[in-house]
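Chemist: Structure incoming, see below.
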Amino acid sequence: MTDAPLPAPLVGDLVLANRILAANGVLDAFGHVSVRDPAHPGCFLLSRSRAPADVEAADIRRFGPDGEQVGGPPVKPYLERFIHSEIYATRPDIAAIVHSHSPSVLPFGVTGTALKPLCHVCGFLGEGAPIFDTRTEFGDTDLLIRNRAMGRALARNLGGASSLLMRGHGSVVVAESVREAVFRAVYLEHNAKLALASVPLGPVNYLTPGEATLAAATTSATIDRAWDHWAAALD
Ligand SMILES: [Zn+2]
(Lines give C-alpha, C1' and ligand atoms only; values in the text may rest on other atoms or scores of the structure.)
Protein backbone atom coordinates (compact mmCIF):
# COMPACT_ATOMS: atom_id res chain seq x y z
CA MET A 1 0.00 0.00 0.00
CA THR A 2 1.62 3.22 1.06
CA ASP A 3 4.22 4.75 3.32
CA ALA A 4 3.05 8.24 2.36
CA PRO A 5 3.14 10.78 5.21
CA LEU A 6 -0.10 11.14 7.13
CA PRO A 7 -2.11 14.30 6.35
CA ALA A 8 -1.07 16.66 9.17
CA PRO A 9 -4.33 18.69 9.44
CA LEU A 10 -6.41 15.52 9.78
CA VAL A 11 -3.98 14.08 12.33
CA GLY A 12 -4.31 17.32 14.32
CA ASP A 13 -8.11 17.13 14.28
CA LEU A 14 -8.02 13.44 15.22
CA VAL A 15 -5.81 14.10 18.26
CA LEU A 16 -8.15 16.92 19.33
CA ALA A 17 -11.16 14.65 18.74
CA ASN A 18 -9.71 12.06 21.12
CA ARG A 19 -9.13 14.67 23.81
CA ILE A 20 -12.50 16.39 23.39
CA LEU A 21 -14.38 13.11 23.61
CA ALA A 22 -12.45 12.16 26.73
CA ALA A 23 -13.00 15.58 28.33
CA ASN A 24 -16.75 15.36 27.66
CA GLY A 25 -17.21 11.93 29.21
CA VAL A 26 -17.83 10.07 25.94
CA LEU A 27 -14.57 8.11 25.95
CA ASP A 28 -12.75 6.96 29.08
CA ALA A 29 -9.88 4.48 29.06
CA PHE A 30 -11.64 2.79 26.14
CA GLY A 31 -13.30 3.65 22.86
CA HIS A 32 -11.79 5.24 19.77
CA VAL A 33 -12.31 7.72 16.95
CA SER A 34 -11.08 7.43 13.35
CA VAL A 35 -11.12 9.49 10.16
CA ARG A 36 -11.02 8.31 6.55
CA ASP A 37 -7.76 9.00 4.67
CA PRO A 38 -8.96 11.02 1.67
CA ALA A 39 -5.80 10.35 -0.37
CA HIS A 40 -6.00 6.59 0.06
CA PRO A 41 -9.53 5.24 -0.42
CA GLY A 42 -10.37 2.43 1.96
CA CYS A 43 -7.71 3.53 4.44
CA PHE A 44 -8.34 5.39 7.68
CA LEU A 45 -6.36 7.04 10.48
CA LEU A 46 -6.61 5.72 14.04
CA SER A 47 -4.50 5.89 17.19
CA ARG A 48 -2.51 2.98 18.51
CA SER A 49 -4.11 1.20 21.47
CA ARG A 50 -4.06 4.00 24.03
CA ALA A 51 -6.52 5.84 26.30
CA PRO A 52 -8.02 8.66 24.18
CA ALA A 53 -7.14 11.44 26.65
CA ASP A 54 -3.46 10.56 26.20
CA VAL A 55 -3.39 10.29 22.38
CA GLU A 56 -0.72 12.34 20.60
CA ALA A 57 0.10 12.86 16.93
CA ALA A 58 2.88 10.25 17.12
CA ASP A 59 0.28 7.62 18.08
CA ILE A 60 -1.73 7.95 14.86
CA ARG A 61 -1.29 5.32 12.15
CA ARG A 62 -2.87 4.51 8.78
CA PHE A 63 -4.94 1.32 8.60
CA GLY A 64 -6.06 -0.47 5.44
CA PRO A 65 -9.40 -1.92 4.29
CA ASP A 66 -8.57 -5.18 6.13
CA GLY A 67 -8.15 -3.30 9.42
CA GLU A 68 -4.38 -3.87 9.54
CA GLN A 69 -1.69 -1.19 9.85
CA VAL A 70 -0.27 0.25 6.63
CA GLY A 71 3.22 1.78 6.85
CA GLY A 72 4.91 3.51 9.76
CA PRO A 73 6.58 1.92 12.78
CA PRO A 74 4.47 -1.04 13.99
CA VAL A 75 2.20 -0.39 16.97
CA LYS A 76 -0.23 -2.37 19.10
CA PRO A 77 -3.62 -1.61 17.50
CA TYR A 78 -7.05 -1.42 19.09
CA LEU A 79 -8.71 -4.86 19.16
CA GLU A 80 -11.93 -3.41 17.76
CA ARG A 81 -10.46 -1.59 14.73
CA PHE A 82 -12.70 -3.78 12.51
CA ILE A 83 -15.64 -1.59 13.52
CA HIS A 84 -13.95 1.14 11.51
CA SER A 85 -12.63 -0.86 8.54
CA GLU A 86 -15.95 -2.53 7.80
CA ILE A 87 -18.10 0.60 8.18
CA TYR A 88 -15.80 2.55 5.85
CA ALA A 89 -16.12 -0.28 3.32
CA THR A 90 -19.91 -0.14 3.29
CA ARG A 91 -20.56 3.58 3.84
CA PRO A 92 -18.76 5.69 1.20
CA ASP A 93 -20.85 8.65 2.40
CA ILE A 94 -19.14 8.86 5.80
CA ALA A 95 -15.62 10.00 6.72
CA ALA A 96 -15.39 9.58 10.50
CA ILE A 97 -16.44 7.09 13.17
CA VAL A 98 -16.60 7.15 16.99
CA HIS A 99 -16.96 3.96 19.00
CA SER A 100 -17.71 4.59 22.67
CA HIS A 101 -18.99 2.96 25.84
CA SER A 102 -20.61 6.19 27.07
CA PRO A 103 -22.74 5.10 30.02
CA SER A 104 -26.12 6.79 29.51
CA VAL A 105 -26.52 5.12 26.10
CA LEU A 106 -26.06 1.55 27.38
CA PRO A 107 -29.56 1.09 28.92
CA PHE A 108 -31.19 1.59 25.52
CA GLY A 109 -29.26 -1.34 24.06
CA VAL A 110 -30.42 -3.82 26.69
CA THR A 111 -34.07 -2.87 27.23
CA GLY A 112 -37.04 -2.50 24.93
CA THR A 113 -36.87 1.30 25.11
CA ALA A 114 -35.66 2.79 21.82
CA LEU A 115 -33.20 5.68 21.76
CA LYS A 116 -34.98 8.36 19.73
CA PRO A 117 -34.33 12.11 19.33
CA LEU A 118 -36.01 14.24 21.97
CA CYS A 119 -34.12 17.51 21.53
CA HIS A 120 -33.21 19.54 18.46
CA VAL A 121 -29.42 19.04 18.62
CA CYS A 122 -30.01 15.27 18.39
CA GLY A 123 -31.97 15.29 15.13
CA PHE A 124 -29.26 13.11 13.58
CA LEU A 125 -30.86 10.21 15.46
CA GLY A 126 -33.63 10.29 12.86
CA GLU A 127 -36.17 7.59 13.57
CA GLY A 128 -34.02 6.09 16.33
CA ALA A 129 -30.78 4.13 16.67
CA PRO A 130 -30.78 0.49 15.52
CA ILE A 131 -29.33 -2.15 17.85
CA PHE A 132 -26.60 -4.66 17.03
CA ASP A 133 -26.57 -7.81 19.15
CA THR A 134 -23.45 -9.97 18.64
CA ARG A 135 -25.28 -12.97 20.11
CA THR A 136 -27.67 -13.17 17.15
CA GLU A 137 -24.93 -14.31 14.74
CA PHE A 138 -21.98 -15.18 16.94
CA GLY A 139 -23.47 -16.72 20.10
CA ASP A 140 -21.59 -16.30 23.37
CA THR A 141 -18.58 -13.99 22.92
CA ASP A 142 -16.83 -11.31 25.00
CA LEU A 143 -18.94 -8.84 22.91
CA LEU A 144 -15.86 -7.18 21.36
CA ILE A 145 -15.70 -6.69 17.58
CA ARG A 146 -12.55 -8.74 17.15
CA ASN A 147 -12.59 -9.61 13.43
CA ARG A 148 -13.87 -8.56 10.02
CA ALA A 149 -16.90 -10.87 10.11
CA MET A 150 -18.15 -9.21 13.27
CA GLY A 151 -17.36 -5.77 11.85
CA ARG A 152 -19.33 -6.63 8.69
CA ALA A 153 -22.33 -7.76 10.75
CA LEU A 154 -22.18 -4.53 12.75
CA ALA A 155 -21.99 -2.42 9.56
CA ARG A 156 -24.96 -4.34 8.14
CA ASN A 157 -27.01 -3.52 11.23
CA LEU A 158 -25.98 0.14 11.06
CA GLY A 159 -27.31 0.33 7.49
CA GLY A 160 -27.77 3.95 6.48
CA ALA A 161 -28.21 5.24 10.05
CA SER A 162 -25.93 7.74 11.80
CA SER A 163 -25.74 5.85 15.08
CA LEU A 164 -25.94 2.27 16.34
CA LEU A 165 -26.32 0.78 19.80
CA MET A 166 -24.25 -2.30 20.63
CA ARG A 167 -26.13 -4.52 23.08
CA GLY A 168 -24.30 -4.77 26.41
CA HIS A 169 -21.30 -2.89 25.07
CA GLY A 170 -21.64 0.64 23.72
CA SER A 171 -22.40 2.56 20.57
CA VAL A 172 -21.11 3.83 17.24
CA VAL A 173 -21.72 7.15 15.52
CA VAL A 174 -20.72 7.97 11.94
CA ALA A 175 -20.49 11.33 10.18
CA GLU A 176 -19.16 13.18 7.17
CA SER A 177 -16.26 14.71 9.12
CA VAL A 178 -14.36 14.08 12.34
CA ARG A 179 -15.81 17.26 13.83
CA GLU A 180 -19.35 16.16 13.05
CA ALA A 181 -18.64 12.69 14.50
CA VAL A 182 -17.46 14.29 17.75
CA PHE A 183 -20.57 16.49 17.84
CA ARG A 184 -22.84 13.49 17.34
CA ALA A 185 -21.05 11.35 19.93
CA VAL A 186 -21.31 14.10 22.57
CA TYR A 187 -24.98 14.69 21.83
CA LEU A 188 -25.85 10.99 21.62
CA GLU A 189 -24.81 10.76 25.28
CA HIS A 190 -26.69 14.03 25.98
CA ASN A 191 -29.88 12.69 24.34
CA ALA A 192 -29.61 9.43 26.29
CA LYS A 193 -29.27 11.35 29.58
CA LEU A 194 -32.37 13.39 28.73
CA ALA A 195 -34.27 10.23 27.81
CA LEU A 196 -33.32 8.58 31.11
CA ALA A 197 -34.77 11.64 32.86
CA SER A 198 -37.88 11.85 30.65
CA VAL A 199 -39.07 8.27 30.22
CA PRO A 200 -39.97 7.76 33.91
CA LEU A 201 -42.07 10.95 33.88
CA GLY A 202 -44.48 9.73 31.22
CA PRO A 203 -44.92 9.22 27.47
CA VAL A 204 -42.16 11.13 25.65
CA ASN A 205 -43.06 13.53 22.85
CA TYR A 206 -40.10 12.76 20.56
CA LEU A 207 -39.13 14.73 17.46
CA THR A 208 -41.01 13.54 14.39
CA PRO A 209 -38.84 12.21 11.52
CA GLY A 210 -39.54 15.48 9.70
CA GLU A 211 -38.47 17.58 12.68
CA ALA A 212 -35.38 15.44 13.13
CA THR A 213 -34.33 16.00 9.52
CA LEU A 214 -34.84 19.77 9.70
CA ALA A 215 -33.12 20.07 13.10
CA ALA A 216 -30.14 17.99 11.92
CA ALA A 217 -29.68 20.27 8.90
CA THR A 218 -29.63 23.35 11.14
CA THR A 219 -27.23 21.96 13.75
CA SER A 220 -24.82 20.65 11.10
CA ALA A 221 -24.07 24.29 10.26
CA THR A 222 -22.99 25.05 13.84
CA ILE A 223 -20.57 22.20 14.43
CA ASP A 224 -17.43 24.35 14.21
CA ARG A 225 -18.77 26.57 17.00
CA ALA A 226 -19.12 23.56 19.31
CA TRP A 227 -15.74 22.19 18.22
CA ASP A 228 -13.98 25.51 18.91
CA HIS A 229 -15.64 25.74 22.33
CA TRP A 230 -14.66 22.19 23.31
CA ALA A 231 -11.12 22.59 21.97
CA ALA A 232 -10.62 25.87 23.86
CA ALA A 233 -11.75 24.18 27.10
CA LEU A 234 -8.95 21.58 26.91
CA ASP A 235 -5.90 22.08 29.14
ZN1 LIG B 1 -15.84 -1.37 22.59
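Chemist: Taking the Cα atoms only, what angle lies between the long axis of helix 178-198 and the longest principal axis of the chain, rounded to 10 degrees?
Modeler: Between helix and principal axis, roughly 30 degrees.
Chemist: Give me the percent of the accessible area of the chain that comes from carbon and sulfur atoms, probe 1.4 Å, all protein chains in place.
Modeler: Working: 5900 of 10510 Å².
Exposed carbon and sulfur together represent 56 percent of the surface.
Chemist: So how do THR134, THR208 rank on accessible area, 1.4 Å probe, biggest first, that is with the largest at the start?
Modeler: Values: THR134 10, THR208 65 Å².
Sorted by accessible area, descending: THR208, THR134.
Chemist: To the nearest whole percent, what portion of all C-alpha pairs in the chain is separated by more than 32 angstrom? Show your work: numbers first, answer last.
Modeler: Working: 4054 of 27495 pairs.
Across the chain, Cα pairs with separations above 32 Å total 15 percent.
Chemist: Further question on the same structure: Once you charge only the Cβ atoms, +1 for Lys and Arg and -1 for Asp and Glu, what is the size of the charge dipole of the chain about its Cα centre, to the nearest 20 debye?
Modeler: Numbers: 20 positive and 24 negative charges, 54 e Å.
With Lys and Arg at +1 and Asp and Glu at -1, about 260 debye.
Chemist: Separate question: If ARG36, ARG225, ARG62, ARG19 are ordered by their accessible area, calculated over protein heavy atoms with a 1.4 Å probe, which sequence runs from highest to lowest?
Modeler: Details: ARG36 45, ARG225 190, ARG62 5, ARG19 95 Å².
Largest to smallest exposure gives the sequence ARG225, ARG19, ARG36, ARG62.
Chemist: Additional query: Rounded, prolate or oblate: pick one for segment 146-197, where a ≥ b ≥ c are the square roots of the eigenvalues of its C-alpha gyration tensor, a/c under 1.5 means rounded, and failing that, prolate if a/b is larger than b/c, else oblate. Could the numbers behind the result be given before it?
Modeler: Details: a/c = 2.38, a/b = 1.41, b/c = 1.69.
Verdict is oblate for segment 146-197.
Chemist: Report, by chain and number, residues whose modeled amide H sits under 5 Å from the one on ALA175, excluding near sequence neighbours (fewer than 5 apart, same chain).
Modeler: ALA95, ALA96
Chemist: If one takes the longest principal axis of the Cα atoms in the chain, at what angle in degrees, from 0 to 90 and to the nearest 10, does the Cα axis of helix 148-158 lie?
Modeler: Relative to the chain, helix 148-158 is tipped by roughly 30 degrees.
Chemist: With a 1.4 Å probe and all protein chains kept in place, how do HIS169, HIS229, HIS99 rank by accessible area, largest first?
Modeler: On the way: HIS169 20, HIS229 120, HIS99 0 Å².
Ranked from most to least accessible, the order is HIS229, HIS169, HIS99.
Chemist: Roughly how many Å² is the accessible area per residue of the chain, as a whole number, for a 1.4 Å probe? Don't jump to the answer; show the numbers that get you there.
Modeler: Details: 10510 Å² over 235 residues.
On a per-residue basis, the chain sits at 45 Å².
Chemist: For the Cα atoms of the chain, what angle does the longest principal axis make with the long axis of helix 209-219, in degrees from 0 to 90, nearest 10?
Modeler: With rounding to tens, the tilt is 50 degrees.
Chemist: Just to confirm a number: summing +1 for Lys and Arg and -1 for Asp and Glu over residues other than ALA232 whose beta-carbon lies under 13 angstrom from that of ALA232, what do you get? Before the final figure, lay out each step's value.
Modeler: On the way: positive: ARG19, ARG225; negative: ASP224, ASP228, ASP235.
Its environment carries a net charge of -1.
The values are calculated or read from the model by the stated rules, or taken from the named source; none is laboratory data. Values in this document were obtained by computation on a predicted structure and should not be read as measured data. Don't worry about glycine lacking a Cβ; one is built from the backbone with ideal geometry, like all the others, and counts go over all protein chains shown. Side chains included, ligands, DNA and RNA excluded: accessible areas come from the protein's heavy atoms. Shrake-Rupley method; radii C 1.70, N 1.55, O 1.52, S 1.80 Å.
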